[in-house]
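Notes follow the structure.
The values are calculated or read from the model by the stated rules, or taken from the named source; none is laboratory data. From a predicted model like this one, the values you see are computed outputs, not experimental measurements. In this analysis, Cβ positions are derived from the backbone assuming ideal geometry, glycine residues included, and neighbour counts consider all displayed protein chains. Please note that ligands, DNA and RNA were not included when accessible areas were found on the heavy atoms of the full protein model with its side chains. Shrake-Rupley method; radii C 1.70, N 1.55, O 1.52, S 1.80 Å.
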Amino acid sequence: MEPFSLIRPRTLKAARDRVTGAADKRVFKAGAVDLLDLLKEGLARPDELVDLHSLQGAEGEAMRALAPAEGYWSIGALNTLATIAASGLPEPYAALKEAAGSAATPGIRNRATLGGNLLQRPRCWYFRHGDLGCLKKGGESCLADGGENKYHAILGGGPCFIVHPSTLAVALVALGAEVEILGDAGARTIGAEELFALPRTSPLTEHTLAAGEVIRAVRLPAAPASQRSVYEVAKEKQSFDWPLAEVAAAITVEGGAIRVARIGLGHVAPVPWRAVQLEQALVGQAPSADLFARVAPLATQGARPLGQNAYKI
Amino acid sequence: GVQFVEVLVDTWTGVVTVPEVLAIHDAGRVHNPLTCRSQVNGGVALGISYALTETRVMDRGSGRMLNANLESYKIVGARDMPKLDVIFTEVHTGANSTGAIGIGEPATIPTAAAIACAVYDAVGRPVRSLPITPDKVLRALEGQA
(Lines give C-alpha, C1' and ligand atoms only; values in the text may rest on other atoms or scores of the structure.)
Protein backbone atom coordinates (compact mmCIF):
# COMPACT_ATOMS: atom_id res chain seq x y z
CA MET A 1 0.00 0.00 0.00
CA GLU A 2 1.36 3.40 -0.95
CA PRO A 3 1.54 6.13 1.70
CA PHE A 4 -1.20 8.75 1.53
CA SER A 5 -2.47 11.83 3.34
CA LEU A 6 -5.91 12.09 4.90
CA ILE A 7 -7.55 15.45 4.28
CA ARG A 8 -10.57 16.35 6.43
CA PRO A 9 -12.36 19.32 4.87
CA ARG A 10 -15.19 21.08 6.62
CA THR A 11 -17.01 22.28 3.52
CA LEU A 12 -18.12 20.49 0.39
CA LYS A 13 -16.53 23.19 -1.75
CA ALA A 14 -13.15 22.55 -0.15
CA ALA A 15 -13.58 18.81 -0.65
CA ARG A 16 -14.62 19.11 -4.30
CA ASP A 17 -11.95 21.68 -5.10
CA ARG A 18 -9.38 19.28 -3.71
CA VAL A 19 -10.52 16.32 -5.81
CA THR A 20 -11.65 17.89 -9.08
CA GLY A 21 -8.93 17.90 -11.67
CA ALA A 22 -6.66 15.66 -9.62
CA ALA A 23 -7.67 12.58 -11.64
CA ASP A 24 -7.00 9.51 -9.49
CA LYS A 25 -4.42 11.11 -7.23
CA ARG A 26 -7.02 12.45 -4.85
CA VAL A 27 -10.16 10.48 -4.08
CA PHE A 28 -13.14 10.91 -1.81
CA LYS A 29 -13.30 8.69 1.26
CA ALA A 30 -16.37 7.71 3.24
CA GLY A 31 -16.34 4.33 5.02
CA ALA A 32 -13.22 3.37 3.02
CA VAL A 33 -14.36 -0.26 2.94
CA ASP A 34 -13.93 -0.89 -0.79
CA LEU A 35 -11.25 1.80 -0.95
CA LEU A 36 -9.05 -0.15 1.44
CA ASP A 37 -9.32 -3.26 -0.73
CA LEU A 38 -8.37 -1.24 -3.80
CA LEU A 39 -5.43 0.36 -2.01
CA LYS A 40 -4.11 -2.97 -0.80
CA GLU A 41 -4.25 -4.52 -4.26
CA GLY A 42 -2.62 -1.51 -5.87
CA LEU A 43 -5.71 -0.86 -8.00
CA ALA A 44 -5.91 2.65 -6.58
CA ARG A 45 -2.82 4.68 -5.77
CA PRO A 46 -4.03 8.07 -4.53
CA ASP A 47 -1.79 10.54 -2.73
CA GLU A 48 -4.73 11.94 -0.78
CA LEU A 49 -7.92 10.61 0.72
CA VAL A 50 -10.45 13.42 1.08
CA ASP A 51 -12.79 12.56 3.93
CA LEU A 52 -16.51 13.26 3.57
CA HIS A 53 -17.27 12.47 7.23
CA SER A 54 -15.76 15.79 8.32
CA LEU A 55 -18.21 17.93 6.35
CA GLN A 56 -20.10 20.25 8.66
CA GLY A 57 -23.15 22.48 8.60
CA ALA A 58 -26.16 21.94 6.40
CA GLU A 59 -24.12 20.18 3.73
CA GLY A 60 -22.86 17.58 6.16
CA GLU A 61 -26.28 17.15 7.72
CA ALA A 62 -27.88 16.52 4.34
CA MET A 63 -25.45 13.66 3.78
CA ARG A 64 -26.12 12.14 7.18
CA ALA A 65 -29.87 12.61 7.49
CA LEU A 66 -32.40 9.78 7.23
CA ALA A 67 -35.85 11.34 7.40
CA PRO A 68 -39.08 11.95 5.54
CA ALA A 69 -39.35 15.09 3.44
CA GLU A 70 -42.19 16.34 1.28
CA GLY A 71 -43.23 13.51 -1.01
CA TYR A 72 -40.23 11.30 -0.35
CA TRP A 73 -37.81 9.88 2.22
CA SER A 74 -34.28 11.20 2.09
CA ILE A 75 -31.35 8.97 3.01
CA GLY A 76 -28.02 10.77 3.17
CA ALA A 77 -25.16 9.08 1.35
CA LEU A 78 -23.08 8.80 4.52
CA ASN A 79 -25.62 6.63 6.32
CA THR A 80 -24.14 3.25 7.10
CA LEU A 81 -25.79 0.00 6.05
CA ALA A 82 -26.38 -0.78 9.72
CA THR A 83 -28.18 2.53 10.25
CA ILE A 84 -30.40 1.92 7.24
CA ALA A 85 -31.19 -1.64 8.33
CA ALA A 86 -32.22 -0.48 11.80
CA SER A 87 -33.98 2.68 10.67
CA GLY A 88 -37.61 3.69 10.91
CA LEU A 89 -38.20 3.44 7.17
CA PRO A 90 -41.84 2.43 6.78
CA GLU A 91 -43.14 -0.93 5.53
CA PRO A 92 -43.30 -0.11 1.80
CA TYR A 93 -39.52 0.30 1.79
CA ALA A 94 -38.75 -2.93 3.65
CA ALA A 95 -36.68 -4.29 0.76
CA LEU A 96 -34.02 -1.63 1.36
CA LYS A 97 -33.78 -2.42 5.07
CA GLU A 98 -33.55 -6.15 4.34
CA ALA A 99 -30.93 -5.60 1.68
CA ALA A 100 -28.86 -3.35 3.94
CA GLY A 101 -29.08 -5.87 6.78
CA SER A 102 -27.97 -8.82 4.73
CA ALA A 103 -24.88 -7.52 2.98
CA ALA A 104 -21.36 -8.37 4.15
CA THR A 105 -20.87 -8.69 7.92
CA PRO A 106 -22.03 -6.73 10.98
CA GLY A 107 -18.61 -5.10 11.22
CA ILE A 108 -18.65 -3.92 7.64
CA ARG A 109 -22.25 -2.77 7.87
CA ASN A 110 -21.30 -0.52 10.77
CA ARG A 111 -18.78 1.26 8.59
CA ALA A 112 -19.87 0.98 4.95
CA THR A 113 -21.94 3.86 3.62
CA LEU A 114 -24.83 4.06 1.18
CA GLY A 115 -22.82 6.19 -1.24
CA GLY A 116 -19.79 3.93 -1.07
CA ASN A 117 -21.93 0.85 -1.55
CA LEU A 118 -23.41 2.25 -4.76
CA LEU A 119 -20.05 3.36 -6.13
CA GLN A 120 -17.95 0.34 -5.12
CA ARG A 121 -15.92 -1.39 -7.81
CA PRO A 122 -16.60 -4.93 -8.99
CA ARG A 123 -15.36 -8.05 -7.19
CA CYS A 124 -14.38 -9.88 -10.39
CA TRP A 125 -11.26 -11.86 -9.55
CA TYR A 126 -9.55 -10.85 -12.76
CA PHE A 127 -10.22 -7.18 -12.06
CA ARG A 128 -9.05 -7.50 -8.47
CA HIS A 129 -5.83 -9.39 -9.34
CA GLY A 130 -2.88 -7.00 -9.32
CA ASP A 131 -1.00 -8.95 -12.00
CA LEU A 132 -3.77 -9.44 -14.55
CA GLY A 133 -4.58 -6.72 -17.11
CA CYS A 134 -8.24 -7.13 -17.96
CA LEU A 135 -10.37 -5.00 -20.26
CA LYS A 136 -11.79 -2.91 -17.43
CA LYS A 137 -8.29 -1.92 -16.39
CA GLY A 138 -7.41 -0.86 -19.90
CA GLY A 139 -6.31 -4.23 -21.18
CA GLU A 140 -7.28 -5.86 -24.43
CA SER A 141 -10.03 -8.25 -23.46
CA CYS A 142 -12.28 -9.50 -20.71
CA LEU A 143 -10.41 -12.38 -19.10
CA ALA A 144 -13.58 -13.86 -17.64
CA ASP A 145 -14.99 -14.32 -21.13
CA GLY A 146 -13.66 -17.78 -21.91
CA GLY A 147 -12.09 -18.02 -18.46
CA GLU A 148 -13.39 -18.62 -14.95
CA ASN A 149 -16.78 -16.95 -15.12
CA LYS A 150 -18.95 -18.80 -12.64
CA TYR A 151 -19.88 -15.61 -10.83
CA HIS A 152 -20.14 -13.33 -13.85
CA ALA A 153 -22.97 -11.76 -15.81
CA ILE A 154 -25.76 -13.54 -17.68
CA LEU A 155 -27.54 -10.36 -18.72
CA GLY A 156 -26.27 -7.10 -20.21
CA GLY A 157 -22.69 -8.29 -20.41
CA GLY A 158 -20.12 -7.50 -23.05
CA PRO A 159 -17.43 -6.51 -23.71
CA CYS A 160 -16.89 -6.81 -19.95
CA PHE A 161 -18.88 -9.35 -17.93
CA ILE A 162 -18.73 -8.15 -14.35
CA VAL A 163 -21.75 -8.24 -12.10
CA HIS A 164 -22.42 -5.06 -10.19
CA PRO A 165 -21.63 -5.77 -6.53
CA SER A 166 -24.07 -3.35 -4.88
CA THR A 167 -26.89 -5.04 -2.99
CA LEU A 168 -28.48 -1.72 -2.04
CA ALA A 169 -28.66 -0.68 -5.68
CA VAL A 170 -30.94 -3.63 -6.40
CA ALA A 171 -33.40 -2.55 -3.70
CA LEU A 172 -33.22 1.10 -4.78
CA VAL A 173 -34.01 0.20 -8.38
CA ALA A 174 -37.03 -1.84 -7.24
CA LEU A 175 -38.20 1.06 -5.08
CA GLY A 176 -37.90 3.61 -7.89
CA ALA A 177 -35.34 5.63 -5.97
CA GLU A 178 -33.63 8.78 -7.17
CA VAL A 179 -30.08 9.90 -6.51
CA GLU A 180 -29.12 13.50 -5.63
CA ILE A 181 -25.73 14.42 -7.00
CA LEU A 182 -23.66 17.52 -6.24
CA GLY A 183 -21.46 18.76 -9.03
CA ASP A 184 -20.21 21.85 -10.82
CA ALA A 185 -23.72 23.03 -11.69
CA GLY A 186 -25.06 22.49 -8.19
CA ALA A 187 -27.45 19.67 -7.41
CA ARG A 188 -29.03 17.36 -9.95
CA THR A 189 -31.32 14.39 -9.42
CA ILE A 190 -31.37 11.25 -11.55
CA GLY A 191 -33.18 7.93 -11.37
CA ALA A 192 -31.15 5.28 -9.56
CA GLU A 193 -30.77 3.23 -12.73
CA GLU A 194 -29.13 6.17 -14.49
CA LEU A 195 -26.28 6.12 -11.97
CA PHE A 196 -24.94 2.94 -13.52
CA ALA A 197 -23.41 2.35 -16.94
CA LEU A 198 -23.27 -0.80 -19.02
CA PRO A 199 -19.87 -1.95 -20.29
CA ARG A 200 -20.96 -1.48 -23.87
CA THR A 201 -21.15 2.21 -23.08
CA SER A 202 -18.13 2.55 -20.81
CA PRO A 203 -16.22 -0.58 -19.87
CA LEU A 204 -13.67 1.26 -17.72
CA THR A 205 -16.17 2.59 -15.15
CA GLU A 206 -19.38 1.33 -13.58
CA HIS A 207 -21.12 4.62 -12.85
CA THR A 208 -21.99 7.84 -14.64
CA LEU A 209 -20.72 10.43 -12.18
CA ALA A 210 -18.39 13.07 -13.57
CA ALA A 211 -15.04 13.55 -11.87
CA GLY A 212 -15.44 15.40 -8.59
CA GLU A 213 -19.17 14.74 -8.24
CA VAL A 214 -20.52 13.54 -4.92
CA ILE A 215 -23.71 11.67 -4.08
CA ARG A 216 -25.51 13.74 -1.45
CA ALA A 217 -28.52 11.52 -0.76
CA VAL A 218 -30.95 8.99 -2.13
CA ARG A 219 -34.67 9.72 -2.32
CA LEU A 220 -37.33 7.05 -1.92
CA PRO A 221 -40.48 8.35 -3.61
CA ALA A 222 -43.75 8.44 -1.71
CA ALA A 223 -45.37 5.04 -1.95
CA PRO A 224 -48.96 4.00 -1.33
CA ALA A 225 -49.37 2.49 2.11
CA SER A 226 -50.33 -0.80 0.45
CA GLN A 227 -46.98 -1.15 -1.35
CA ARG A 228 -44.98 -4.09 -0.15
CA SER A 229 -41.38 -4.80 -0.96
CA VAL A 230 -39.06 -7.68 -0.27
CA TYR A 231 -35.45 -8.71 -0.80
CA GLU A 232 -34.19 -12.26 -1.35
CA VAL A 233 -30.69 -13.56 -1.94
CA ALA A 234 -28.91 -16.83 -2.67
CA LYS A 235 -25.38 -17.27 -1.39
CA GLU A 236 -23.03 -20.26 -1.52
CA LYS A 237 -21.88 -19.53 2.02
CA GLN A 238 -24.15 -17.93 4.61
CA SER A 239 -21.44 -16.06 6.54
CA PHE A 240 -19.86 -13.18 4.68
CA ASP A 241 -20.28 -14.12 1.07
CA TRP A 242 -21.28 -12.23 -2.02
CA PRO A 243 -24.62 -13.12 -3.59
CA LEU A 244 -24.85 -15.63 -6.42
CA ALA A 245 -28.01 -13.80 -7.36
CA GLU A 246 -30.42 -11.53 -5.55
CA VAL A 247 -33.75 -9.89 -6.18
CA ALA A 248 -35.78 -7.03 -4.79
CA ALA A 249 -39.43 -6.56 -5.66
CA ALA A 250 -41.92 -3.82 -4.87
CA ILE A 251 -45.57 -4.58 -5.57
CA THR A 252 -48.75 -2.61 -5.04
CA VAL A 253 -52.03 -4.51 -5.19
CA GLU A 254 -55.33 -2.66 -5.52
CA GLY A 255 -58.75 -4.12 -6.06
CA GLY A 256 -57.32 -7.62 -6.19
CA ALA A 257 -54.95 -6.85 -9.07
CA ILE A 258 -51.30 -5.87 -9.26
CA ARG A 259 -51.22 -2.20 -10.08
CA VAL A 260 -47.50 -1.54 -9.87
CA ALA A 261 -44.62 -4.00 -10.02
CA ARG A 262 -40.93 -3.12 -9.96
CA ILE A 263 -38.38 -5.89 -9.86
CA GLY A 264 -34.63 -5.50 -9.57
CA LEU A 265 -32.17 -8.35 -10.14
CA GLY A 266 -28.70 -8.26 -8.64
CA HIS A 267 -25.42 -10.01 -9.35
CA VAL A 268 -26.61 -11.09 -12.78
CA ALA A 269 -25.59 -8.06 -14.84
CA PRO A 270 -23.01 -5.24 -14.87
CA VAL A 271 -25.71 -2.91 -13.57
CA PRO A 272 -28.66 -3.49 -11.23
CA TRP A 273 -31.14 -5.03 -13.65
CA ARG A 274 -34.83 -4.18 -14.04
CA ALA A 275 -36.81 -7.25 -15.04
CA VAL A 276 -39.02 -5.16 -17.29
CA GLN A 277 -40.78 -7.95 -19.20
CA LEU A 278 -41.61 -9.68 -15.92
CA GLU A 279 -43.03 -6.45 -14.50
CA GLN A 280 -45.22 -5.92 -17.55
CA ALA A 281 -46.55 -9.47 -17.35
CA LEU A 282 -47.56 -8.93 -13.72
CA VAL A 283 -49.36 -5.61 -13.99
CA GLY A 284 -53.12 -5.98 -14.14
CA GLN A 285 -53.05 -9.62 -13.04
CA ALA A 286 -54.43 -11.06 -9.83
CA PRO A 287 -51.51 -12.29 -7.74
CA SER A 288 -51.27 -16.04 -7.32
CA ALA A 289 -48.63 -18.74 -7.08
CA ASP A 290 -49.67 -19.96 -10.55
CA LEU A 291 -49.17 -16.50 -12.04
CA PHE A 292 -45.74 -16.15 -10.52
CA ALA A 293 -44.66 -19.61 -11.64
CA ARG A 294 -45.84 -18.92 -15.16
CA VAL A 295 -44.21 -15.52 -15.64
CA ALA A 296 -41.02 -16.04 -13.61
CA PRO A 297 -38.93 -17.17 -16.61
CA LEU A 298 -39.43 -13.71 -18.11
CA ALA A 299 -36.96 -12.44 -15.53
CA THR A 300 -34.10 -14.08 -17.39
CA GLN A 301 -35.42 -13.73 -20.91
CA GLY A 302 -32.58 -12.92 -23.22
CA ALA A 303 -29.96 -14.17 -20.78
CA ARG A 304 -26.73 -15.26 -22.43
CA PRO A 305 -24.77 -17.52 -20.12
CA LEU A 306 -21.02 -17.82 -20.30
CA GLY A 307 -19.32 -21.17 -19.96
CA GLN A 308 -19.82 -21.60 -16.24
CA ASN A 309 -22.76 -19.52 -15.12
CA ALA A 310 -25.84 -21.02 -16.75
CA TYR A 311 -26.99 -22.08 -13.29
CA LYS A 312 -27.90 -18.47 -12.57
CA ILE A 313 -30.74 -18.71 -15.03
CA GLY B 1 -15.32 -42.46 14.50
CA VAL B 2 -18.56 -41.95 12.64
CA GLN B 3 -20.45 -38.81 11.73
CA PHE B 4 -24.10 -38.31 10.85
CA VAL B 5 -25.30 -35.18 9.09
CA GLU B 6 -28.60 -33.66 8.14
CA VAL B 7 -28.60 -31.36 5.12
CA LEU B 8 -31.14 -28.95 3.76
CA VAL B 9 -31.18 -28.51 -0.01
CA ASP B 10 -32.99 -25.52 -1.47
CA THR B 11 -34.32 -26.94 -4.72
CA TRP B 12 -34.84 -23.50 -6.24
CA THR B 13 -31.32 -22.20 -5.68
CA GLY B 14 -29.31 -25.38 -5.15
CA VAL B 15 -27.91 -23.99 -1.91
CA VAL B 16 -27.01 -26.69 0.63
CA THR B 17 -26.92 -25.95 4.34
CA VAL B 18 -26.14 -28.28 7.24
CA PRO B 19 -28.49 -27.81 10.21
CA GLU B 20 -27.27 -30.68 12.36
CA VAL B 21 -24.26 -32.96 12.78
CA LEU B 22 -23.63 -35.79 15.24
CA ALA B 23 -20.00 -36.82 15.61
CA ILE B 24 -19.08 -39.96 17.56
CA HIS B 25 -15.41 -40.67 18.01
CA ASP B 26 -13.29 -43.16 19.85
CA ALA B 27 -10.13 -41.36 20.91
CA GLY B 28 -9.34 -43.71 23.77
CA ARG B 29 -8.97 -41.99 27.11
CA VAL B 30 -9.83 -38.30 26.68
CA HIS B 31 -7.33 -36.34 28.77
CA ASN B 32 -8.69 -32.84 28.10
CA PRO B 33 -12.38 -32.89 27.13
CA LEU B 34 -12.39 -29.21 26.16
CA THR B 35 -9.57 -29.38 23.64
CA CYS B 36 -10.63 -32.79 22.38
CA ARG B 37 -14.14 -31.52 21.72
CA SER B 38 -12.71 -28.37 20.16
CA GLN B 39 -10.73 -30.46 17.70
CA VAL B 40 -13.93 -32.12 16.54
CA ASN B 41 -15.65 -28.71 16.24
CA GLY B 42 -12.90 -27.55 13.95
CA GLY B 43 -12.80 -30.80 12.01
CA VAL B 44 -16.51 -30.68 11.31
CA ALA B 45 -16.42 -27.01 10.37
CA LEU B 46 -13.64 -27.50 7.86
CA GLY B 47 -15.22 -30.77 6.74
CA ILE B 48 -18.33 -28.78 5.82
CA SER B 49 -16.16 -26.28 3.95
CA TYR B 50 -14.43 -29.11 2.14
CA ALA B 51 -17.78 -30.52 1.14
CA LEU B 52 -19.59 -27.37 0.17
CA THR B 53 -17.44 -24.34 -0.46
CA GLU B 54 -13.69 -24.82 -0.74
CA THR B 55 -12.07 -24.95 -4.14
CA ARG B 56 -8.92 -23.54 -5.66
CA VAL B 57 -9.77 -21.62 -8.80
CA MET B 58 -6.99 -21.48 -11.37
CA ASP B 59 -7.09 -19.34 -14.47
CA ARG B 60 -6.04 -21.50 -17.38
CA GLY B 61 -4.87 -18.56 -19.44
CA SER B 62 -2.35 -17.19 -16.96
CA GLY B 63 -1.79 -20.10 -14.58
CA ARG B 64 -2.68 -17.86 -11.66
CA MET B 65 -4.82 -18.71 -8.69
CA LEU B 66 -7.83 -16.42 -8.79
CA ASN B 67 -9.11 -16.93 -5.25
CA ALA B 68 -5.97 -16.67 -3.13
CA ASN B 69 -7.79 -14.87 -0.33
CA LEU B 70 -10.44 -15.57 2.26
CA GLU B 71 -13.05 -13.64 0.31
CA SER B 72 -13.20 -16.09 -2.57
CA TYR B 73 -11.63 -19.17 -1.00
CA LYS B 74 -14.66 -19.92 1.10
CA ILE B 75 -14.34 -21.31 4.61
CA VAL B 76 -17.47 -21.65 6.72
CA GLY B 77 -18.29 -18.88 9.14
CA ALA B 78 -20.50 -18.65 12.19
CA ARG B 79 -23.74 -18.66 10.25
CA ASP B 80 -22.82 -21.84 8.39
CA MET B 81 -22.17 -23.94 11.48
CA PRO B 82 -24.61 -26.71 12.37
CA LYS B 83 -25.96 -27.73 15.71
CA LEU B 84 -23.11 -30.07 16.54
CA ASP B 85 -23.20 -32.89 19.10
CA VAL B 86 -19.95 -34.64 19.92
CA ILE B 87 -19.72 -37.93 21.77
CA PHE B 88 -16.55 -39.70 22.78
CA THR B 89 -16.79 -43.43 23.36
CA GLU B 90 -13.87 -44.03 25.66
CA VAL B 91 -12.69 -47.54 24.82
CA HIS B 92 -9.61 -48.23 26.84
CA THR B 93 -7.65 -50.76 24.81
CA GLY B 94 -4.64 -50.84 27.10
CA ALA B 95 -2.46 -50.57 24.00
CA ASN B 96 -0.29 -47.82 25.48
CA SER B 97 0.56 -46.38 28.85
CA THR B 98 -1.81 -43.39 28.66
CA GLY B 99 -4.79 -44.97 26.92
CA ALA B 100 -4.91 -42.08 24.47
CA ILE B 101 -5.60 -42.46 20.76
CA GLY B 102 -5.40 -39.61 18.21
CA ILE B 103 -8.30 -37.31 17.29
CA GLY B 104 -6.47 -34.87 15.00
CA GLU B 105 -7.39 -36.12 11.55
CA PRO B 106 -10.35 -38.39 12.32
CA ALA B 107 -12.36 -35.32 13.30
CA THR B 108 -12.53 -34.19 9.70
CA ILE B 109 -12.39 -37.41 7.69
CA PRO B 110 -16.05 -38.49 7.62
CA THR B 111 -17.74 -35.09 7.34
CA ALA B 112 -17.59 -34.38 3.62
CA ALA B 113 -18.53 -37.94 2.76
CA ALA B 114 -21.53 -37.80 5.06
CA ILE B 115 -22.65 -34.54 3.49
CA ALA B 116 -22.29 -35.94 -0.02
CA CYS B 117 -24.34 -38.98 0.95
CA ALA B 118 -26.97 -36.76 2.53
CA VAL B 119 -27.21 -34.60 -0.59
CA TYR B 120 -27.67 -37.76 -2.67
CA ASP B 121 -30.40 -38.83 -0.27
CA ALA B 122 -32.10 -35.45 -0.59
CA VAL B 123 -31.75 -34.89 -4.31
CA GLY B 124 -31.95 -38.45 -5.63
CA ARG B 125 -28.88 -38.10 -7.83
CA PRO B 126 -25.28 -38.02 -6.64
CA VAL B 127 -23.03 -35.01 -6.99
CA ARG B 128 -19.67 -36.68 -7.48
CA SER B 129 -17.26 -33.79 -7.17
CA LEU B 130 -16.46 -31.46 -4.32
CA PRO B 131 -17.35 -28.81 -3.45
CA ILE B 132 -21.05 -29.47 -3.79
CA THR B 133 -21.93 -25.98 -4.90
CA PRO B 134 -25.37 -24.72 -5.92
CA ASP B 135 -24.63 -24.92 -9.64
CA LYS B 136 -23.80 -28.64 -9.33
CA VAL B 137 -26.88 -29.30 -7.23
CA LEU B 138 -29.09 -27.55 -9.78
CA ARG B 139 -27.61 -29.66 -12.57
CA ALA B 140 -28.22 -32.80 -10.52
CA LEU B 141 -31.81 -31.74 -9.90
CA GLU B 142 -32.27 -31.22 -13.61
CA GLY B 143 -31.03 -34.73 -14.22
CA GLN B 144 -27.74 -33.81 -15.81
CA ALA B 145 -24.30 -35.11 -14.86
(request) Provide the gained length on full extension for the span B:Y73 to B:E90, in nm with one decimal, where the gain is 0.36 nm per separating residue minus the Cα-Cα distance. (result) 2.5 nm
(message) So for chain A, averaging the separation of alpha carbon pairs under 8 Å that are six or more residues apart and normalising by length, what relative contact order in percent results?
(response) 18
(message) Give me a comma-separated list of calculated 3J(HN,Hα) values for region A:120-136, in order, Karplus coefficients 6.51, -1.76, 1.60 applied at θ = phi - 60°, integers in Hz, x for any Gly or Pro.
(response) 5, 8, x, 8, 2, 5, 6, 4, 7, 7, x, 8, 9, x, 8, 4, 5
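At 222 nm, what value in deg cm²/dmol follows for the protein assembly as shown if DSSP H runs of at least 4 each add -39500 (n - 2.57) and the sum is divided by all its residues, to the nearest 500? Please list the in-between numbers first.
Values: 13 runs with 114 residues, N = 458.
Value at 222 nm, helices only, nearest 500: -7000 deg cm²/dmol.
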(message) How would region A:18-113 be classified by its alpha-carbon gyration tensor: rounded, prolate or oblate, with rounded meaning a/c under 1.5 and the a/b versus b/c comparison settling the rest?
(response) oblate
(request) Please list the non-local residues whose amide H lies under 5 Å from the amide H of B:A100, H modeled 1.01 Å from N, same-chain partners needing a gap of 5 or more. (result) B:R29
(request) Could you pull out the pairs from A:K235/A:K312; A:K97/B:K83; A:K97/B:K136; A:K97/A:K312 whose alpha carbons sit more than 21 Å apart here? (result) A:K97/B:K83; A:K97/B:K136; A:K97/A:K312
(request) Using a 10 angstrom cutoff on alpha carbons, build the Gaussian network for chain A and name the most mobile of A:F292, A:F161, A:F28. (result) A:F292
(request) Could you state how much accessible area A:R274 has, in square angstrom rounded to the nearest 10, with a 1.4 Å probe and all protein chains kept in place? (result) 50
(message) Leaving out ligands, DNA and RNA, and with a 1.4 Å probe, what % of the accessible surface on region A:136-176 is carbon or sulfur?
(response) 47
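So, with +1 on the Cβ of K and R and -1 on the Cβ of D and E, and no other charges, what is the size of the charge dipole of chain A about its Cα centre, to the nearest 20 debye?
Magnitude of the dipole: close to 200 debye.
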(request) Please name which of B:N67, B:G99, B:A112 has its Cα lying farthest along the dipole of region B:48-145 towards the positive end, using unit charges on Cβ (Lys, Arg +1; Asp, Glu -1) and the Cα centre as origin. (result) B:N67
(message) With every protein chain kept in place and ligands, DNA and RNA left out, what is the accessible area per residue of the protein assembly as shown? Probe 1.4 Å, answer in Å².
(response) 46
(message) With angles folded into 0 to 90 degrees, how steeply does helix B:33-52 sit against the dominant principal axis of chain B? Use alpha carbons for both and round to 10.
(response) 20
(request) Please say if region A:56-307 is rounded, prolate or oblate, where rounded means a/c under 1.5 for a ≥ b ≥ c the square roots of the C-alpha gyration tensor eigenvalues, and otherwise the choice is prolate for a/b larger than b/c and oblate otherwise? (result) oblate
(request) Assuming a ≥ b ≥ c are the square roots of the Cα gyration tensor eigenvalues, decide whether region A:148-229 counts as rounded (a/c under 1.5), prolate (otherwise, with a/b larger than b/c) or oblate. (result) oblate
(message) Am I reading the B/A interface right? What is its buried accessible area, both sides, 1.4 Å probe, to the nearest 100 Å²?
(response) 2000
(request) Within 10 Å, count the other beta carbons around each residue, average over each peptide in A:45-54, A:263-272, B:46-55, and list them highest first. (result) A:263-272, B:46-55, A:45-54
(message) Rounded to whole Å, give me the distance from the Cα center of region A:188-246 to that of region A:59-103.
(response) 14
(request) Could you look at region B:27-95 and say what percent of its accessible area is carbon and sulfur, using a 1.4 Å probe and all protein chains? (result) 53
